[in-house]
Amino acid sequence: MSIPLFDTATPLQALRPQLHERLAAVLDGGRYILGPEVAAFESELAAYVGVRHVIGVANGTDAITIALRALGVGRGRHVVVPSFTFYATAEAIVTAGAVPVFCDVDPGTRNVTVETVRAVLTPETAAVVAVDLFGAPAPCAELRELGLPVLEDAAQAAGASLAGRRAGALGDVATFSFFPSKNLGCFGDGGAIATDDDDVAELARALRFHGSRDKQNFQYVGYNSRLDELQAALLRVLLPSLDTWCDGRRSAAAAYRAAGLDEYVGLPETLPEALPAWHLFVVTHPRADELRAALAEQGIEARGYYRTPLHRQAAMARYAPAAELPATEALAATNLALPMSPVLSAAQAQEVVAAVAAYGLGRRGLEG
Ligand SMILES: Cc1ncc(COP(=O)(O)O)c(C=O)c1O
């Protein structure tokens, strides 16, 4: 593909010498699990996000499971979650022993709103999971006013902010994924939990280590879910570049708009005070898959996400909602992620828009 969907390699080029140096230092140091690199990365990410605590875990899915349990969301309790997100968001609720209750999203921001959450609240509801989908922050402050704990799934939103607060500091607790293609991606699996709540942090720390605080006494049935020293050491090299990379993503989004993309497809909307981190730049089109194929012919990679929403996945059949989720269904059918990366140039954005426009002209020809 001449323009790939992601470009994870180019932004790392300049950092390769530092990455190699840190890799060698960890290998030579011989500490691989919960050592000084994880502790330092946790403090550095906490300072960046603006929270008191960060707890490194094995991946973003475990982060949600452990964070829910640390919030006290116990067996059989109900947790509201959007159906339009990656499967892991709901899967982690079930792994925690709780029951996912699927809600709809706003068609413009693609995120949950107070209204879509309120529509499915019951006396059983114990928490709300709000996903900062595609890197656009969800309205967590408003959701917290509903009086329930809010878990912010910031897996896709590292580097975003809302009203001056960073993604990861918007809920009662937040979770990150460092999956390689994410905005802050490591070199394998990795994740983290962020919170200002001392008790939630303390319990999450125990849960990631088999439910123990001292490796001798085991208070809970927990998990073996730690961020590796190697990954933490490398993430420490990447974190200082996150803001520059997100600026690059926002410039690419601006270039798409400046090239007139909105004439041909539906563009993502964001909350008024949001600074999105555009993990993915997802547009809508009534013939999204046909448009994807037309772009592929021009060497441009695009991808539809979450075509089958979570409430219709086989593993979630027992949690299927009684009511329809119309915005979810429409987005699942019509969304298309266009190339996005910190280094996507204005010229590349113009090339993509020209290809989208050419597809539109071709269709008009067919229909006319
Ligand atoms: C919204 C969302 N939540 C959770 C996850 C799970 O993260 P991980 O793959 O690190 O387990 C991901 C990404 O994979 C995601 O995109």
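Read the figures in this text as sums done on the coordinates, not as results from a lab. Since the model is a prediction, treat every value here as computed from it, not as a measurement. All Cβ positions, even for glycine, are placed from backbone atoms using ideal geometry, and neighbour counts span all protein chains on display.
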Highest GNM mean-square fluctuation among Ala157, Ala92, Ala354, for the chain with Cα springs under 10 Å, belongs to Ala354
Relative contact order, percent, of the range 58-154 when contacts are C-alpha pairs under 8 Å separated by at least 6 residues?
-> 28 percent
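Does the chain come out rounded, prolate or oblate by the C-alpha gyration tensor, with a ≥ b ≥ c the root eigenvalues, rounded set by a/c under 1.5 and, if not, prolate when a/b is larger than b/c and oblate if not? Let's see the in-between values first.
On the way: a/c = 2.09, a/b = 1.27, b/c = 1.65.
The shape class here is oblate.
Could you calculate the contour length gain from Gln216 to Ala314, that is, 0.36 nm times the residue separation minus the distance between their Cα atoms, to one decimal place in nm? Let's see the in-between values first.
Working: separation 98, 0.36 × 98 = 35.28 nm, distance 4.05 nm.
Value of the extension gain: 31.2 nm.
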Ala274's amide H: which non-local residues (gap 5+, or another chain) put their own amide H closer than 5 Å, with H modeled 1.01 Å from N in plane and none for Pro or chain starts?
-> Ala163
With only Lys, Arg, Asp and Glu charged, each at its Cβ (+1 for the first two, -1 for the last two), find how big the charge dipole of the chain is about the Cα centre; round to the nearest 20 debye.
-> 500 debye
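Kindly provide the helix-only [θ] at 222 nm of the chain, computed as the sum of -39,500 (n - 2.57) over DSSP H runs of four or more divided by all residues, to the nearest 500 deg cm²/dmol? List each step's numbers first, then the result.
Details: 12 runs with 137 residues, N = 368.
Calculated from helices alone, the mean residue ellipticity at 222 nm is -11500 deg cm²/dmol.
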For Arg257 and His20 in the same chain, what is the full-extension length gain: residue separation times 0.36 nm, less their Cα-Cα distance, in nm?
-> 81.5 nm
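Given R₀ = 41 Å, what would the calculated FRET efficiency be for Ala357 paired with Glu273, taking r from the Cβ atoms and rounding to 0.05? Could the numbers behind the result be given before it?
Values: r = 32 Å, r/R0 = 0.78.
Given R0 = 41 Å and the Cβ-Cβ separation, E is 0.80.
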Give me the distance in nm between label points sitting 7 Å out from Cα along the Cα-to-Cβ direction at Leu146 and Ala333, one decimal.
-> 2.6 nm
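Which chymotrypsin sites (Phe, Trp or Tyr not before Pro) in the range 111-191 sit in a loop by DSSP (not H, G, I, E or B) and have at most 13 other Cβ atoms within 10 Å of their own Cβ?
Passing sites in the range 111-191 do not exist.
At a Förster distance of 22 Å, what's the computed FRET efficiency of Ala39 paired with Gln13, Cβ-Cβ distance as r, to 0.05?
On the way: r = 29 Å, r/R0 = 1.30.
Efficiency, from the Cβ-Cβ distance: 0.15.
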Along Cα→Cβ, 7 Å out, is where each label goes; now give me the distance between the ones at Tyr87 and Leu121 in nm to one decimal.
-> 3.2 nm
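Percent relative contact order of the chain, based on C-alpha pairs within less than 8 angstrom and at least six residues apart?
Numbers: 808 pairs, mean separation 83.3, N = 368.
Answer for the chain is 23 percent.
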